[in-house]
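See below for the structure under consideration.
Please treat every number below as a calculation from the coordinates, not as lab data. No experiment lies behind these values; they were computed from the predicted model shown. Here the Cβ is made from the backbone with ideal geometry for all residues, glycine too, and neighbour counts use every protein chain on show.
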Amino acid sequence: MIAQTKRTELDEFAKRVLYGVNKALRELVETSAVNDESLVVGDKDGSFKSVPAKELLKTLPKQEQ
């Protein structure tokens, strides 16, 4: 019973952390897009490239509450 409560608390904490990270990422991309800047992004294979923030913004999901 206690282990299930701890797991639920950890799941809720993880959701809040991911929400905050996604919110910060969106704000970074939005600010960069307004300033007509590019951002360097990487993929799971370790490759990276410079992408205009306006293009990157089109690929991000809308922020949900």
Completion exercise
With criteria (1) exposed (fewer than 10 other Cβ atoms within 10 Å of the Cβ); (2) in a helix (DSSP H, G or I); (3) among the charged types (D, E, K, R), residue 44 comes up short on (2)
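Name the residues in region 47-62 that are in a helix (DSSP H, G or I) and either surrounded by 10 or more Cβ atoms within 10 Å (Cβ to Cβ) or among the charged types (D, E, K, R) (or both), would you? Even if it seems obvious, please write down each step before you answer.
First, the residues of region 47-62 that are in a helix (DSSP H, G or I): 53-59.
Passing the criteria: 53, 54, 55, 56, 57, 58.
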Practice task
Report whether or not residue 29 is outside any helix (DSSP H, G or I) and touching a residue at least 12 places away in the same chain (Cβ under 8 Å).
Solution key: no
